[in-house]
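Colleague: Below is a structure I'd like to ask you about.
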Amino acid sequence: MRFRLTDDQRALRQGVRDLLARRFDRDALRAAVERPGLDRALWRELGAAGFFALRLPEAAGGVGLGLPEAVLAFEEAGRALLPGPLAATHLAAGRVPGAAEGETVVTAVDPGGLVEWLAEADVVEGDATGAVSLRSVDPLTPLHRTAGGSGQPAADHVADPVAVLLTAAEQLGTATRACELAVQHARAREQFGQPIGAFQAVKHLCAELLVRVEVARAAVYAAAVTADPGDIAAARLLADEAAVRGARDCLQVHGGMGFTWEADVHLLLKRAWVRTRRAGGGTESEELLARELLTAAGR
Amino acid sequence: MDLSYSPEEEDFRARLRDWLGKALPALPPKPSPDDWPGRRAWDLGWQRMLYDAGYAHVHWDAEPTTRLIFLEETEKAGAPYVGANFVGLLHAGPTIAAEGTDAQRARWLEPILRGEEVWCQGFSEPDAGSDLAALRTRAWRDGDDYVVSGSKIWTSHAEVADWCELLVRTDPTAAKHRGITWLAMPMDAPGITVRPLRTLAGSAEFAEVFLDEVRVPAAHRVGEENDGWRVTMVTLSFERGTAFVGEVVACRRVLGELARAAHADGRWDDPVLRRRLALLEAEFRALWRLTQWNVSEASAGGVPGVGGSIFKLRYSHARQELYDTAADVLGDAALDLDRPWVLDRLSSLSYTIAAGTSQIQRTIVAERILGLPKGR
């Protein structure tokens with residue numbers, strides 16, 4: 001058993017990180033906030049880099065890698081707060097023409113009725129007839145709700161486990177970013193004549209940020225290896241917690257600055273909130289795990 | 001990333017399972033928790049069985065993955081945990097193996113493995129718990145001996161121990177981390193008084209140990225004089241690294257029992273309780289994965305990684321949450337000391353304090369891993 005990243009996996013993660021640092025840095029993130037809309041050129045570049053075709057077999061024109069590699073790529077996307085229906089397009093690769101190449105933007109209607117990037121998408125999976133737009137809490141994720149959407153998934157309709165896991169990977173990346181930003185600020189910001197990171201109260205907030213990230217990371221990576229629905233549900237719950245609580249604690253560490261539009265912290269929190277409501281988070285994952293727990297206990 | 005085991009590892013698992021299946025029914029009944037001599041004999045008997053079967057070494061020289069399998073399988077089979085052998089096998093033994101002389105290794109290691117000698121830990125003091133380096137028990141040189149005076153607290157198994165891994169201050173003028181020495185003290189030496197300490201769980205799990213001019217041969221010093229802090233850190237990284245592996249497996253079993261109990265009496269239909277159990281299931285699955293991650297990192301690097309403090313922090317709180325949830329499943333029965341899980345709930349209260357409080361662990365994570373500045 002060697003449950004750690006291989007050299008190839010480290011190289012892949014670094015490659016995605018470099019691409020996003022070049023094409024979607026902080027200036028690009030803030031520009032996207034001011035001018036909403038999907039960057040089609042960037043979408044095609046992701047396609048050319050194999051982001052959407054990562055798990056497609058080489059014979060079908062894909063990269064031929066597995067779920068662990070996809071998770072690493074999505075973690076980087078979450079870390080950079082990259083906007084767009086990434087998971088839906090990735091899942092459509094090989095099925096919807098142009099999705100693998102990043103030429104076609106694919107979005108999907110969630111079991112609960114929410115759909116993101118509806119107006120910008122070329123292809124919509126699921127029935128979005130009569131969907132009305134919401135004033136989305138996240139400036140980087142336009143949202144619609146379908147007419148029949150109740151906000152709760154129908155009992156017989158559960159999200160695709162791969163979509164659940166890729167969303168968890170994005171949450172993990174966002175949680176990592178929250179931890180990095182909090183620590184960076186705690187080192188630089190001085191109050192009472194010393195960096196605020198020297199104060200135990202701040203130190204302990206940062207420590208808990210990292211603990212949640214590392215626990216979620218172990219769960220997300222393991223779920224990527226086993227692809228077991230229970231492992232995926234567990235990973236999702238911990239990644240949701242790491243992202244949402246991480247962003248809140250990061251905001252707290254930033255103090256008054258964290259409450260401003262100019263600081264990036266709110267973008268982390270709002271994206272994390274949106275993701276918790278999508279693709280099999282929350283009660284859907286809890287109920288799945290509850291069923292597994294009882295079945296395993298009965299054996 | 002690979003979570004599969006090699007054929008050799010699977011073979012080890014199969015042989016161990018087979019042996020456990022035969023060995024466990026042969027165990028005598030477990031003595032009562034207050035019967036210390038009985039517990040000592042029982043724990044040593046189990047250690048002897050492991051020794052005869054060739055498993056005694058597993059904590060010391062097996063590959064980390066093999067050790068993980070050992071802890072997983074023994075716990076799943078309901079085998080005894082290390083018990084009275086805890087300090088010898090997991091603390092003093094590894095420390096002597098790493099830092100002792102050939103003569104010291106020859107004297108102390110084999111009796112620990114064979115289940116002949118029990119060790120206890122003389123680290124904590126009434127005025128030096130979390131601030132371990134503030135310890136004040138004094139030792140001064142007199143001929144071939146050190147003479148030791150002071151007191152220790154929270155010393156598990158002190159009543160039945162043969163040896164104590166003892167931290168003493170040998171240079172009161174040095175900076176507090178510098179003047180400490182690690183000694184192996186025989187527990188039958190004149191001048192030692194052991195007073196059992198009753199915990200909130202009602203039993204005497206620990207003791208206070210009073211030392212009045214106890215003579216310890218200088219040949220029993222492990223490492224150099226005044227270098228005991230470094231020697232101790234070797235031990236503590238070990239404790240935080242993998243000491244809780246078996247317990248995670250046990251917690252997952254308890255969680256399954258709770259689910260079954262809740263289902264049997266209808267409480268399972270309460271979505272609040274059901275989802276709380278599901279969240280704990282997520283938690284312990286993740287802690288098991290974190291264990292596998294840390295073990296893999298240790299295999300690669302040779303030492304337990306920094307993951308130990310992260311694991312310990314999260315695990316100690318999850319364990320308390322588990323038994324609080326057990327109380328919700330039990331309802332009024334949670335007030336009955338004779339019911340299962342009730343004593344475990346009381347014991348779990350020590351987890352955020354022992355082996356470094358959660359507050360100390362957070363400071364370690366913030367300063368040593370995140371690189372935040374030292375301060376108040």
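Colleague: As an exercise, identify the trypsin sites (Lys or Arg not before Pro) in the range A:12-98 lying in DSSP coil whose Cβ has no more than 14 other Cβ atoms within 10 Å.
Modeller: Qualifying residues, ordered by number: A:95.
Colleague: Just how far, in whole angstrom, is the range B:108-143 from the range B:202-227 if you go by their alpha carbon centroids?
Modeller: If we compute the Cα centre of each part, the gap is 4 Å.
Colleague: What does the accessible area per residue of the range B:108-179 come to in Å², with a 1.4 Å probe and no ligands, DNA or RNA counted?
Modeller: For the range B:108-179, the solvent-accessible area averages 39 Å² per residue.
Colleague: Okay, moving on. What FRET efficiency do you get for residue B:343 and residue A:134 if R0 is 41 Å and r is their Cβ-Cβ distance, rounded to the nearest 0.05?
Modeller: For residue B:343 and residue A:134, the calculated efficiency is 0.20.
Colleague: Kindly report, to the nearest 10 Å², the accessible surface of residue B:360 as traced by a 1.4 Å probe over protein heavy atoms only.
Modeller: Residue B:360 has an accessible surface of roughly 60 Å² with all protein chains in place.
Colleague: Count charges around residue A:96 for me, please; just the other residues with Cβ under 11 Å from its Cβ, Lys/Arg as +1, Asp/Glu as -1.
Modeller: With Lys, Arg at +1 and Asp, Glu at -1, the net is -3.
Colleague: Follow-up. If the chain between residue B:210 and residue B:332 were fully stretched, how many nm would it gain, using 0.36 nm times the residue separation less the Cα-Cα distance?
Modeller: That works out to 39.8 nm of additional length.
Colleague: Which GluC sites (Glu not before Pro) in the range A:213-299 pass both tests, a DSSP loop state and at most 13 other beta-carbon atoms within 10 Å?
Modeller: Hits after loop and neighbour filter: A:262.
Colleague: While we're here: Return the loop-located trypsin sites (Lys or Arg not before Pro) in the range B:172-234 (DSSP other than H, G, I, E, B) with at most 13 other Cβ atoms within 10 Å of their own Cβ; answer none if there are none.
Modeller: Answer in residue order: B:198.
Colleague: For the range B:268-289 and the range B:1-67, what is the separation of their C-alpha centers, rounded to whole Å?
Modeller: Each part's Cα centre sits 29 Å from the other's.
Colleague: When we measure straight from the Cα of residue B:22, which lysines land under 29 angstrom away, once same-chain ones fewer than 8 places off are left out?
Modeller: B:30, B:76
Colleague: What FRET efficiency comes out for the pair residue A:44/residue A:259, r = Cβ-Cβ distance, R0 = 41 Å, nearest 0.05?
Modeller: Plugging the Cβ-Cβ distance into 1/(1 + (r/R0)^6) gives 0.65.
Colleague: How would you classify chain A from its alpha-carbon gyration tensor, with a ≥ b ≥ c the square roots of the eigenvalues: rounded for a/c under 1.5, else prolate if a/b is greater than b/c, otherwise oblate?
Modeller: rounded
Colleague: Expected output is a single nm value to one decimal: the length gained when fully extending between residue B:17 and residue B:138, i.e. 0.36 nm times separation in residues minus the C-alpha distance. What is it?
Modeller: Here the answer is 38.8 nm.
Colleague: To test your reading of the geometry: what angle, between 0 and 90 degrees and rounded to tens, separates the Cα axis of helix A:7-23 from the longest principal axis of chain A?
Modeller: 80
Colleague: Round to the nearest 0.05 the FRET efficiency obtained for residue B:114 and residue B:234 when R0 = 35 Å and r is the Cβ-Cβ distance.
Modeller: Approximately 0.90, to the nearest 0.05.
Colleague: Check the straight Cα-Cα distances from residue A:203 and name the lysines below 30 Å, setting aside those fewer than 8 residues away within the same chain.
Modeller: Residue A:203 reaches A:270, B:176, B:312, B:374.
Colleague: So if each residue of separation counts as 0.36 nm, and I subtract the Cα-Cα distance between residue B:9 and residue B:173, what length gain in nm does that give?
Modeller: 53.9 nm
Colleague: Below 14 angstrom from the Cβ of residue B:135, what's the summed charge of the other residues (Lys, Arg +1; Asp, Glu -1)?
Modeller: Residues close to residue B:135 contribute a combined charge of +1.
Colleague: Which angle from 0 to 90°, rounded to the nearest 10, does the C-alpha axis of helix A:282-298 make with the longest principal axis of chain A?
Modeller: Helix A:282-298 sits at roughly 80 degrees to that axis.
Colleague: Considering Cα pairs under 8 angstrom that are at least six residues apart, work out the relative contact order of chain A and quote it in whole percent.
Modeller: With pairs under 8 Å counted, the relative contact order is 16 percent.
Colleague: Next question, about the same structure. At 7 Å along Cα-to-Cβ for each site, give me the label-to-label distance between residue A:194 and residue B:199 in nm.
Modeller: Here the answer is 3.5 nm between the modelled labels.
Colleague: Classify the range A:78-144: rounded, prolate or oblate, from the alpha-carbon gyration tensor (a ≥ b ≥ c, eigenvalue square roots; a/c under 1.5 rounded; otherwise prolate if a/b is larger than b/c)?
Modeller: oblate
Colleague: Continuing with the same structure: Under a plain spin-label model, where a point goes 7 Å from the Cα along Cα-to-Cβ, how far apart in nm are residue A:7 and residue B:53?
Modeller: Going by the 7 Å Cα→Cβ label model, 4.1 nm.
Colleague: What percentage of the solvent-accessible surface of the protein assembly as shown, computed with a 1.4 Å probe over protein heavy atoms, is contributed by carbon and sulfur atoms?
Modeller: C and S fraction of accessible area: 53 percent.
Colleague: Quick one: net charge around residue B:270, please, counting Lys, Arg +1 and Asp, Glu -1 for every other residue with C-beta under 11 Å from its C-beta.
Modeller: Surrounding charge for residue B:270 is +1.
Colleague: Shifting gears a bit: What is the list of residues in the range B:181-202 whose amide nitrogen lies under 12 Å from a point 7 angstrom out from the Cα of residue B:226, following Cα to Cβ?
Modeller: B:181
Colleague: Let me ask something else about it. Quick check on the range A:194-264: take the gyration tensor over C-alpha atoms, sort the square-rooted eigenvalues as a ≥ b ≥ c, and tell me if it's rounded (a/c under 1.5), prolate or oblate.
Modeller: Prolate.
Colleague: Using a 10 Å Cβ count of at most 13 others and DSSP loop calls, identify the longest part of chain A lacking such chymotrypsin sites (Phe, Trp or Tyr not before Pro).
Modeller: A:1-191
Colleague: How about the range B:333-376: which of its residues lose at least 40 Å² of accessible area in the presence of all protein chains relative to their chain isolated, using a 1.4 Å probe?
Modeller: Residues meeting the cut-off: B:362, B:370, B:372, B:373, B:376.
Colleague: Right, next: At 222 nm, what helix-only mean residue ellipticity would chain B give, in deg cm²/dmol to the nearest 500, using -39500 (n - 2.57) for each DSSP H run of four or more?
Modeller: Helix contribution divided over all residues of chain B: -15000 deg cm²/dmol.
The values are calculated or read from the model by the stated rules, or taken from the named source; none is laboratory data. This is a predicted model, so every value here is computed, not measured. Glycine also receives a Cβ, built like all others from the backbone with ideal geometry; neighbour counts cover every protein chain displayed. All accessible areas refer to the heavy atoms of the entire protein, side chains included, with ligands and DNA or RNA removed. Shrake-Rupley method; radii C 1.70, N 1.55, O 1.52, S 1.80 Å.
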